[in-house]
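Worksheet: the structure to be examined is printed underneath.
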Amino acid sequence: MNVVQLKQNSPEWIEWRRNKRMASEASVVTGRNPWQKPEKLAKVKRGLEDVRMNPAMARGHKYEPAARAFFEAEMGMIGDPVVIESGDHGLS
């Protein structure tokens, strides 16, 4: 595994994600994600479509700092964002 020096949501990070099998996409690939179909993900991966911010994603972005602060207070550890790759797989 390698830590990749990318800022989440940056153009470079978005391009990096496009070329990785991301952990968050597993439910799409297996057909278990009711909000996205494998065909849509394939278009995103090929650069034919962009990911559009939906209300759930916007809410997650809005509350991520508060969620991270809660995690850090509860667990007593720092929860800095990190980007990791292992071969064709990635997570962030």
What does the chain give for Rg and for Dmax, in Å, if only its C-alpha atoms count? 14.5, 43
For Met22, enumerate residues with amide H under 5 Å from its amide H, sequence gap 5+ or separate chain, H modeled in the peptide plane. Gly90
Give me the percent of accessible area attributable to carbon and sulfur for the chain, probe 1.4 angstrom. 57 percent
Candidate lysines - alpha carbon under 18 Å from Lys62, same-chain residues fewer than 8 apart omitted: Lys7
So which trypsin sites (Lys or Arg not before Pro) in the stretch 52-82 end up in coil per DSSP with only 13 or fewer other C-beta atoms within 10 Å? Arg52
Given R₀ = 22 Å, FRET efficiency for Ala58-Asn2 by Cβ-Cβ distance, to 0.05? 0.15
Taking a probe of 1.4 Å, how large is the accessible area per residue of the chain, in Å²? 79 Å²
Expressed as a whole number of Å, what is the distance separating the alpha-carbon centroids of the stretch 48-92 and the stretch 2-41? 12 Å
For the chain the chymotrypsin sites (Phe, Trp or Tyr not before Pro) that pass both the DSSP coil test and the at-most-12 other-Cβ-within-10 Å test are Trp35
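The values are calculated or read from the model by the stated rules, or taken from the named source; none is laboratory data. Values in this document were obtained by computation on a predicted structure and should not be read as measured data. Please note: Cβ atoms are built from the backbone with ideal geometry, for glycine as well, and neighbour counts cover all protein chains shown. Heavy atoms of the whole protein, side chains included, go into the accessibility calculation; ligands, DNA and RNA do not. Shrake-Rupley method; radii C 1.70, N 1.55, O 1.52, S 1.80 Å.
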